Amino acid sequence: SSTRGAQRHRVAMECFAGLGICCVGVCAGWKCAKPRVERKLSKAAETLAPKYLGGSKITLGGTRFWIGAKIHVILDDLTLLNPEGFRSPNLMEIKKIAVSANLGRALVSAIKARGKPTDVEINLVHVSGCHLTVEKTSVTGSNVKTFQENMEKAAKKEQEKENPPAEHEESATEMKKTLSDVAQRLKDKANLVKSHKDAASEKMNAHKEKLVQHLSTVGDRVRQKANKESQKKAMEVTLERIEVLGVKAEMTSAMQIDSGVPGAKFGLHDIIFENFSKDFGPQSLGVMIKIVLGDIFGSLLKNITDLGSKLPSVPVPTNGVFSWLGF
């Protein structure tokens with residue numbers, strides 16, 4: 001019995017040793033693969049960003065992530081480039097964006113959908129070290145305004161893709177009705193031919209039966225595909241807390257940039273949404289970005305207004321350096 005006990009102990013130790021070696025191998029492999037995955041994430045973010053930012057591009061200093069009960073992603077040194085036609089290179093610079101999402105919920109929805117996840121829960125979006133550069137071109141014109149207009153145009157195009165105009169829907173309905181009428185006439189004609197078996201040869205009847213069977217099979221496949229497409233569920237993103245802290249802004253112009261004169265600098269109010277989806281309902285990623293940026297720009301406008309109200313009432317030359325401020 002002592003020999004058997006020693007054998008069991010040796011087998012158990014060998015199993016534990018093998019398991020340990022496997023764990024070390026997996027960890028070493030993941031340590032080597034992780035930087036490559038992070039680089040691909042950075043490249044994917046830079047590629048997809050113009051779609052949600054009205055065509056404006058971004059650059060990323062790097063991406064980090066780790067996986068536990070939640071997945072955590074950090075974007076470092078994000079720079080939002082200016083729209084074309086402005087002297088300052090960047091509209092916004094962000095030191096860090098940290099995102100925490102519910103991994104289990106996304107995996108379950110992906111398994112159910114047998115593809116991409118349809119239910120994504122983002123618990124926290126933390127933005128810090130944000131610097132906004134406002135380049136004025138006139139009293140009302142600026143890079144911020146141009147950026148917002150570009151986003152509006154992009155959002156309108158996206159909405160038209162998702163919701164085609166009513167006349168297109170009417171045309172599609174009318175086409176379906178026409179095809180249905182043609183199919184019915186063909187069916188009636190086929191029935192008529194079938195009722196006159198004496199007039200048709202046996203070969204023709206066999207060919208007709210094969211044709212009817214083929215059309216029936218094709219129709220079934222088309223209906224199955226249509227049902228499958230209609231049952232596809234779009235990705236639903238639930239977003240809880242968003243915090244944009246310590247935002248700073250600088251107001252400048254092309255004249256100041258060319259002459260090397262620094263712009264006016266000031267801080268903006270913190271922006272916090274305790275439960276974004278509760279306040280705004282389910283929204284697409286593009287709309288979420290638009291709302292958050294809209295709040296940042298709104299805070300900017302409020303600070304400019306407050307700054308203007310505190311200025312002393314003194315005459316300002318209409319052709320002076322600061323005439324573009326509109327005060």
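In this structure, is VAL127 of a type outside the set (Ser, Thr, Tyr), more than 21 Å from SER284 (Cβ to Cβ), within 23 Å of the chain's Cα centre (by Cα) and at pLDDT 80 or above? Spelling it out, it is not the case that VAL127 is of a type outside the set (Ser, Thr, Tyr), more than 21 Å from SER284 (Cβ to Cβ), within 23 Å of the chain's Cα centre (by Cα) and at pLDDT 80 or above.
Restricting attention to the stretch 134-148, which residues are touching a residue at least 24 places away in the same chain (Cβ under 8 Å) and open to solvent by 20 Å² or more (accessible area, probe 1.4 Å)? Explain how you work it out, then say what you get.
Step one: filter the stretch 134-148 for residues touching a residue at least 24 places away in the same chain (Cβ under 8 Å), giving 134-140, 143-144, 146-148.
Result: LYS136, THR137, SER138, VAL139, THR140, THR146, GLN148.
Could you list, in sequence order, the residues of the stretch 274-304 that are in a helix (DSSP H, G or I) and open to solvent by 60 Å² or more (accessible area, probe 1.4 Å)? The answer is LYS278, ASP279, PHE280, LEU285, LYS290, ASP295, LEU301, LYS302. Looking for something in contact with a helix residue (DSSP H, G or I) (Cβ under 6 Å, 6 or more places away or on another chain), at pLDDT below 90 and open to solvent by less than 100 Å² (accessible area, probe 1.4 Å) - is there at least one such residue anywhere in the stretch 13-31? No, the stretch 13-31 contains no residue that is in contact with a helix residue (DSSP H, G or I) (Cβ under 6 Å, 6 or more places away or on another chain), at pLDDT below 90 and open to solvent by less than 100 Å² (accessible area, probe 1.4 Å).
Flag: THR79 matches the condition of being β-branched (Val, Ile, Thr), at pLDDT 85 or above, surrounded by 12 or more Cβ atoms within 10 Å (Cβ to Cβ) and within 20 Å of PHE297 (Cα to Cα). Contact map, the stretch 113-131: first residue on the phi > 0 side of the Ramachandran plot, second residue assigned to a strand (DSSP E or B) and surrounded by 15 or more Cβ atoms within 10 Å (Cβ to Cβ), Cβ cut-off under 6 Å, separation 6 or more or different chains; pairs are GLY129/LYS95; GLY129/LYS96. None of THR47, THR59 is out of contact with any Leu (no Cβ under 9 Å at 6 or more places or on another chain) and either open to solvent by 30 Å² or more (accessible area, probe 1.4 Å) or among the acidic types (Asp, Glu) (or both) except THR47. If you filter the stretch 149-165 down to residues that are crowded, with 16+ Cβ neighbours inside 10 Å and at pLDDT below 85, you find that the one that is nearest to LYS57 (Cα to Cα) is ALA154.
Scanning the stretch 59-89 for residues that are within 25 Å of PRO262 (Cβ to Cβ) and aliphatic (A, V, I, L, M) gives LEU78, LEU80, LEU81. Taking the stretch 239-273 as the range and being open to solvent by less than 20 Å² (accessible area, probe 1.4 Å), more than 29 Å from the chain's Cα centre (by Cα) and under 17 Å from LEU300 (Cβ atoms) as the test, the residues that pass are MET251, THR252, SER253, GLY263.
The values are calculated or read from the model by the stated rules, or taken from the named source; none is laboratory data. In this text, all values refer to a predicted model and were calculated from it rather than measured experimentally. With ideal geometry, Cβ positions are generated from the backbone for all residues, glycine too; neighbour counts draw on all protein chains shown. Side chains are part of the model used for accessible areas, which takes the heavy atoms of the whole protein and leaves out ligands, DNA and RNA. Shrake-Rupley method; radii C 1.70, N 1.55, O 1.52, S 1.80 Å.
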